[in-house]
């Protein structure tokens, strides 16, 4: 098998050639056909997440190098272990990568994506910037039906993250204003899902006006440049006091502050993005406006199965994708870092 790995944080990915893995126990080997490049791959490639004020979440201990990145994986089953059940060679599947230890209280509650001893593919275990990946159990393989493979893989993170975040703002009426912050890969997934889940055309905050067209194609009702003079004040006025909910798919200091400021009384802000930075919150305003601030991190296996049921029905518009050969993995990460990607980049071996 061939893979592109982080051997030194911040340095170009290195090509590695190894024997194709043979599964044992309940393991399943998937021949990868498509793997999405996520913005978190940029941070993992750096070895840290920016927490603001020169503070960092160090990932150099959580990731033992060399490590193959990539967690948006779809492909074909090519080998199954002797204890694997419910899957056969030739099955086309998308991989749920957010795997936990399997024995803690969080895993037992069905929230293994929040496990404190994770085994996530592309982070703690080798992921999808490769020709093959080992999946520890068949339950992490989800049927994607007749979807195009390059669309199916995106649901493992971009789609799942958006779906789980949007579930947290329910109930939301068809006349309740919804703000989606960011029209990158995850934000576009949120825009696509908002119409299906709530019947709402969300207001989209995106400073890069080159992304407005694809945001509208995904289902946005209005696009706003947050850096424009009076943008926040105008938004609050036009919505009659603010939005019912805001989902921040960027996670920067400025995007969080804009979302918080846009909330009406009793509104909800869901923070999803991991861009980095820090911003102050005035506790008195949280109380006086009776707002809720929630965090959302990817999603559960059950949510992944719910999402794929929606996706297989064909009601969601396609994500704009750029397909590149696996050999361009480093270039794909750097293009995403530089903001040159519209939609999602897909790597193919």
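Over the chain, what relative contact order in percent results from Cα pairs under 8 Å that are six or more residues apart?
Numbers: 810 pairs, mean separation 67.4, N = 349.
In percent, rounded to a whole number, it is 19.
Using C-alpha pairs below 8 Å separated by at least 6 residues, the relative contact order for the range 265-349 is 26 percent.
With the alpha-carbon atoms of the chain aligned to their principal axes, the span from lowest to highest coordinate is 61, 42, 41 Å, starting with the largest. Build a GNM of the chain with springs between Cα atoms under 10 Å: which of 251, 199, 273 gets the top mean-square fluctuation? Of 251, 199, 273, the Gaussian network model singles out 199 as fluctuating most.
When 265, 168 are ordered from fewest to most other Cβ atoms inside 10 Å of their Cβ, what list results?
Arranged by neighbour count, lowest to highest, 265, 168 become 265, 168.
Springs join every pair of Cα atoms under 10 Å in this Gaussian network model of the chain, and among 17, 274, 172 the largest mean-square fluctuation is at 17. When both bridge partners sit in the chain, DSSP labels roughly 55% of those beta bridges antiparallel.
Computed extension length for residue 225-residue 101: 40.4 nm, one decimal, from 0.36 nm per residue of separation with the Cα-Cα distance subtracted. For the chain, the 222 nm mean residue ellipticity estimated from helices alone, with every DSSP H stretch of n ≥ 4 adding -39500 (n - 2.57) and the total spread over all residues, rounds to -7000 deg cm²/dmol.
Among 256, 198, a tally of other beta-carbon atoms within 10 Å of each Cβ gives an order, fewest to most, of 198, 256.
For the range 316-346 and the range 85-123, write down the distance between their C-alpha centroids in whole Å. The two parts, judged by their Cα centres, are 25 Å apart.
Residue 210 to residue 334: extension gain in nm, 0.36 nm per residue of separation minus the Cα-Cα distance?
Full extension of this stretch gives 42.7 nm more.
Here each label is just a point 7 Å from Cα along the line to Cβ, and for residue 287 and residue 236 those points are 2.0 nm apart. Legend: Rg and Dmax of the range 104-156, from Cα coordinates, 13.0, 36 Å.
A crude spin-label estimate for the pair residue 168 and residue 297, with each label 7 Å from Cα along the Cβ direction, gives 1.1 nm.
Look at 1, 304 and count the other Cβ atoms within 10 Å of each Cβ; fewest to most, that gives 1, 304. Where in the range 130-151 does the label zone of residue 16 land, with the point 7 angstrom along Cα→C-beta and an amide N cut-off under 20 Å? Under cut-off, by backbone N: 130-137. With the gyration tensor restricted to C-alpha atoms of the range 160-295, the semi-axes of the equivalent ellipsoid amount to 20, 16, 15 Å, longest first.
Taking the highest mean first, how do the peptides 318-328, 283-293 order by number of other beta carbon atoms within 10 angstrom per residue?
Put in order of decreasing packing, that is 318-328, 283-293.
A short reminder: the numbers here are calculations on the coordinates, not readings from a lab. What you see is a predicted model; the values in this text were computed from it and never measured. So basically every Cβ, Gly included, is an ideal-geometry build from the backbone, and we count neighbours across all protein chains shown.
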